[in-house]
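Here is the structure we will look at, set down as structure tokens.
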Amino acid sequence: MSTELRIKRIYEDPDPEDGYRVLVDRLWPRGMSKAVAKVDLWLKEFAPSTELRKWFHADSTDYEEFVNRYQHELEEHRSEIEQTVGSLNQPTITLLTAVKNPERSHVPLLKKFLTDLLSNG
């Protein structure tokens, strides 16, 4: 079974087409209750480390360096991520985030990492 990965801001209304909803931020979104969020799984350990998140917020102009550092963190946790993702077995997984600009965040990088894992696994 192949899995479709999607990206969505958690502040958008949940939709049945979201499938399995996975929050991939380290911090719980401000102003969002668990009932409204309808999160199936919170994988805060897949988000950038606290140190990397703080560094990027302090200097968000160096996105390429953020990409390099985050990819390194993902590789360090590859076996744990493989094990977790392999156990999900869902046709659609929506990666949820609170960031205002998901395209310039950790989420597309995580999506690519997970897509590569799922296609090779």
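The values are calculated or read from the model by the stated rules, or taken from the named source; none is laboratory data. If you're wondering where the values come from, they're calculated on a predicted model, not measured in any experiment. Backbone-built Cβ (ideal geometry, glycine too); neighbour counts: all protein chains shown.
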Within region 1-12, restricting to residues that are at pLDDT 95 or above and in a loop (DSSP other than H, G, I, E, B), the one that is nearest to residue 82 (Cα to Cα) is 10
For residue 69, work out the one condition from (1) surrounded by fewer than 16 Cβ atoms within 10 Å (Cβ to Cβ); (2) charged (D, E, K, R); (3) without any contact (Cβ under 8 Å) to a residue 40 or more places away in the chain it doesn't fulfil. (1)
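Checking the condition under 22 Å from residue 119 (Cβ atoms), of a type in the set (Ser, Thr, Tyr) and either loosely packed, with under 11 Cβ neighbours inside 10 Å or at pLDDT 95 or above (or both), which residue from 33, 87 passes? Spell out the reasoning first.
On the way: 33 fails: under 22 Å from residue 119 (Cβ atoms).
None of the other options fit; the residue is 87.
Being among the hydrophobic types (A, V, I, L, M, F, W, C) and surrounded by fewer than 10 Cβ atoms within 10 Å (Cβ to Cβ) is true for just one of 47, 98, 58. Which residue is that? It would help to see each step written out before you state the result.
On the way: 47 fails: surrounded by fewer than 10 Cβ atoms within 10 Å (Cβ to Cβ); 98 fails: surrounded by fewer than 10 Cβ atoms within 10 Å (Cβ to Cβ).
Going through 47, 98, 58 in turn, just one is among the hydrophobic types (A, V, I, L, M, F, W, C) and surrounded by fewer than 10 Cβ atoms within 10 Å (Cβ to Cβ): 58.
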